[in-house]
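**Student:** My structure is below; once you've seen it, I'll send some questions.
The values are calculated or read from the model by the stated rules, or taken from the named source; none is laboratory data. The structure presented is a predicted model; accordingly, all values stated were derived computationally and were not measured. So basically every Cβ, Gly included, is an ideal-geometry build from the backbone, and we count neighbours across all protein chains shown. Surface accessibility is based on the protein's heavy atoms, side chains included, excluding ligands, DNA and RNA. Shrake-Rupley method; radii C 1.70, N 1.55, O 1.52, S 1.80 Å.
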Amino acid sequence: MPRHIPTPTRITAAGNKPKRIEEYVGRVNTGTEAASIARMRSPSGWTEPAQSPEFDEYTLVLHGTLHVETREGLLEVKAGEAVITYAGEWVRYSTPGPEGAEYVAVCLPAFSPETVHREGS
């Protein structure tokens with residue numbers, strides 16, 4: 001039987017400015033450990049600490065531009081584009097552009113504060 005999820009849970013975000021995270025599927029909202037799906041809205045000038053997570057992350061940018069910094073360089077992922085980051089890779093996300101960004105992130109397995117491994121934590 002399908003499970004309808006009418007509302008997300010707001011999650012506190014890491015970073016230098018307030019970022020809105022709405023988890024629809026994941027450990028917090030549905031008790032799902034296999035995957036998480038969240039809509040993010042980050043303001044202009046937002047950046048978060050670098051991380052080396054234990055999960056793959058699939059991100060689709062809906063509006064604005066998301067910067068994805070890795071050891072190999074910087075990707076500018078624009079609205080209508082997607083990016084995949086892999087478990088164990090060092091990565092830092094930011095939205096330095098004037099409009100910030102709105103995007104959907106899918107993590108396999110589900111995001112967890114214990115498995116994101118942020119620098120300085």
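**Student:** I'm told F55 meets every condition in (1) open to solvent by 30 Å² or more (accessible area, probe 1.4 Å); (2) closer than 18 Å to P109 by Cβ except one. Can you identify the failing condition by its number?
**Tutor:** Every condition holds for F55 apart from (1).
**Student:** Looking only at region 1-22, filter to residues that are without any contact (Cβ under 8 Å) to a residue 24 or more places away in the chain and under 22 Å from P49 (Cα atoms); which one of those is nearest to the chain's Cα centre (by Cα)?
**Tutor:** Checking each candidate, the answer is I21.
**Student:** Does region 90-113 hold any residues that are of a type in the set (D, E, K, R) and either in a strand (DSSP E or B) or at pLDDT below 95 (or both), and which are they?
**Tutor:** Listed by number, the residues that qualify are R92, E102.
**Student:** On to the next question. In region 8-47, what residues are open to solvent by 60 Å² or more (accessible area, probe 1.4 Å) and not aliphatic (A, V, I, L, M)?
**Tutor:** Of everything in region 8-47, those that are open to solvent by 60 Å² or more (accessible area, probe 1.4 Å) and not aliphatic (A, V, I, L, M) turn out to be R10, T12, N16, K17, P18, R20, Y24, R27, E33, R39, R41.
Per-residue answers, yes or no, for (1) within 23 Å of T12 (Cβ to Cβ); (2) open to solvent by less than 50 Å² (accessible area, probe 1.4 Å):
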{"position": "T59", "(1), (2)": "yes, yes"}
{"position": "E69", "(1), (2)": "yes, no"}
{"position": "E76", "(1), (2)": "no, no"}
{"position": "I84", "(1), (2)": "no, no"}
{"position": "P96", "(1), (2)": "yes, no"}
{"position": "A105", "(1), (2)": "yes, yes"}
{"position": "P109", "(1), (2)": "yes, no"}
{"position": "E114", "(1), (2)": "yes, no"}
{"position": "E119", "(1), (2)": "yes, no"}
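**Student:** Those residues that are charged (D, E, K, R) and in a loop (DSSP other than H, G, I, E, B), I need them from region 1-28; list them, please.
**Tutor:** Once the filter is applied, which keeps residues that are charged (D, E, K, R) and in a loop (DSSP other than H, G, I, E, B), region 1-28 yields R3, K17, K19, R27.
**Student:** Those residues that are in a loop (DSSP other than H, G, I, E, B), of a type outside the set (S, T, N, Q) and in contact (Cβ under 8 Å) with a residue 40 or more places away in the chain, I need them from region 29-75; list them, please.
**Tutor:** E33, A34, A35, P43, G45, E48, P49, A50, P53, E54, F55
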